Each structure stands twice: as structure tokens, then as C-alpha cells.
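> Can you read through this structure? Questions will come right after.
The values are calculated or read from the model by the stated rules, or taken from the named source; none is laboratory data. Computed from a predicted model, the values in this text were never measured in an experiment. Cβ placement follows ideal geometry from the backbone for every residue including glycine, while neighbour counts extend to all protein chains displayed.
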Amino acid sequence: MRLTTKGRFAVTAMIDLALFVGDRPVTLASISERQNISLSYLEQLFAKLRRHQIVESVRGPGGGYCLARNALEISVADVILAVDEPLDATQCGGRENCKSDHRCMTHDLWATLNRKMLDYLASVSLSDLVEKQRQKASAQAAKQTVSFSAAQAA
């Protein structure tokens, strides 16, 4: 199974975009800074995401990117497939020529894993991931508030 940096970075950048988009588009420079992903790499990823109508670009001063659809309608699978990430655990890339032009004994196992992976990633929306990040941030903020209050009381 290969999920490369391209797919991971695309999902991370999309979570960041969804978290920070509001009345104004989000710049790739700001995503690059927050996520420590090369700006030129983000430009390549977002060009593909735009072609697949996952994001929209806004030109000019105050420009950047917005989601092209509601975050509930964008799955992790959509993002990964848009940046040309093959989700394939088979050795043959699905061509069934793993072993001297014949299927290997484990081909069906890996092909089933491919389907299960894709089904799972299709079931997770960008909105799900954004909500988890918000919950995590809220819990961390609450923890810091308690720590700060305890330090002041001491």
C-alpha cells in the first residue's frame, strides 16, 4: 500500500484550508507556513485540486483558495485521487500479472484491501477531519486555561 507524501500533504492542506476559510480566501503561503509544506509543492497540489473542482481560486489582492463544495461533500478519497495518488496494495498495479504474467496467490487479498481502503477514505469527509481538529484545539485550550489558573492560584 502506498500513500505518499503527495496524498498526505494534500489532505493536510485541505484540512487547513477548511479550518481557516471564512469571508476571505486562504493563501497558499499561509497554509505553507502553518503546515511547513513547500509553497511550490502546494501550488502543484492545488492546481490538481482545482481541476477536480475541489477548490476554487480567487485572483487579485486578498485572493487565495476556497472550497468548491461544502466540506461535508468532500471525502478524503476525493482529495487523494485528485492529486493522482493511486491507492493500490497489489504488486502489479491491478494488471493481474504479478507473477510471470499470471495473478499471484495473494492478488485477491490485496485487491480487496484496495476496495476497503477506498471505501473507508470515501466515508471520511473533510468536515469530519475539521471537526476533530476543532475539538482537539478546544480541549488543548481548556487544558492550558486550567494549567494557567492552577499556576496563578499557587
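Rundown of residues vs (1) surrounded by fewer than 13 Cβ atoms within 10 Å (Cβ to Cβ); (2) of a type in the set (Gly, Ala, Ser); (3) modelled with pLDDT under 95; (4) not in a helix (DSSP H, G or I), yes/no style:
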| position | (1), (2), (3), (4) |
| --- | --- |
| 12 | no, no, no, no |
| 18 | no, yes, no, no |
| 23 | yes, no, yes, yes |
| 40 | yes, yes, no, no |
| 45 | no, no, no, no |
| 48 | no, no, no, no |
| 61 | yes, no, yes, yes |
| 81 | no, no, yes, no |
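> Pull up the stretch 63-79, narrow it to residues that are charged (D, E, K, R) and either surrounded by 16 or more Cβ atoms within 10 Å (Cβ to Cβ) or part of a loop (DSSP other than H, G, I, E, B) (or both), then point me to the one that is nearest to the chain's Cα centre (by Cα). Don't jump to the end; show me each part of the working.
Within the stretch 63-79, the first condition is being charged (D, E, K, R), and the residues that meet it are 69, 73, 78.
Going one step further and asking which of them are either surrounded by 16 or more Cβ atoms within 10 Å (Cβ to Cβ) or part of a loop (DSSP other than H, G, I, E, B) (or both), we end up with 69, 78.
Working: 69: 15, 78: 9 Å.
Among those residues, the one meeting the criterion is 78.
> Show the residue pairs that are 6+ apart or on different chains and have beta-carbon atoms under 8 Å apart, the first residue being within the stretch 20-44 and hydroxyl-bearing (Ser, Thr, Tyr), the second being assigned to a helix (DSSP H, G or I) and at pLDDT 95 or above.
Close Cβ pairs (under 8 Å, with a partner that is assigned to a helix (DSSP H, G or I) and at pLDDT 95 or above) amount to 32/39; 32/42; 38/32; 41/9.
> Let me ask another. When residues of the stretch 50-59 are filtered for being exposed (fewer than 13 other Cβ atoms within 10 Å of the Cβ) and either among the aliphatic types (A, V, I, L, M) or within 23 Å of residue 120 (Cα to Cα) (or both), how many remain?
Counting residues in the stretch 50-59 that are exposed (fewer than 13 other Cβ atoms within 10 Å of the Cβ) and either among the aliphatic types (A, V, I, L, M) or within 23 Å of residue 120 (Cα to Cα) (or both) gives 1.
> Which one is nearest to the chain's Cα centre (by Cα) among residues in the stretch 25-38 that are assigned to a helix (DSSP H, G or I) and among the aliphatic types (A, V, I, L, M)? It would help to see each step written out before you state the result.
First, the residues of the stretch 25-38 that are assigned to a helix (DSSP H, G or I): 28-35.
Imposing the further condition that a residue be among the aliphatic types (A, V, I, L, M) reduces the set to 28-29, 31.
On the way: 28: 15, 29: 17, 31: 13 Å.
Among residues in the stretch 25-38 that are assigned to a helix (DSSP H, G or I) and among the aliphatic types (A, V, I, L, M), the one nearest to the chain's Cα centre (by Cα) is 31.
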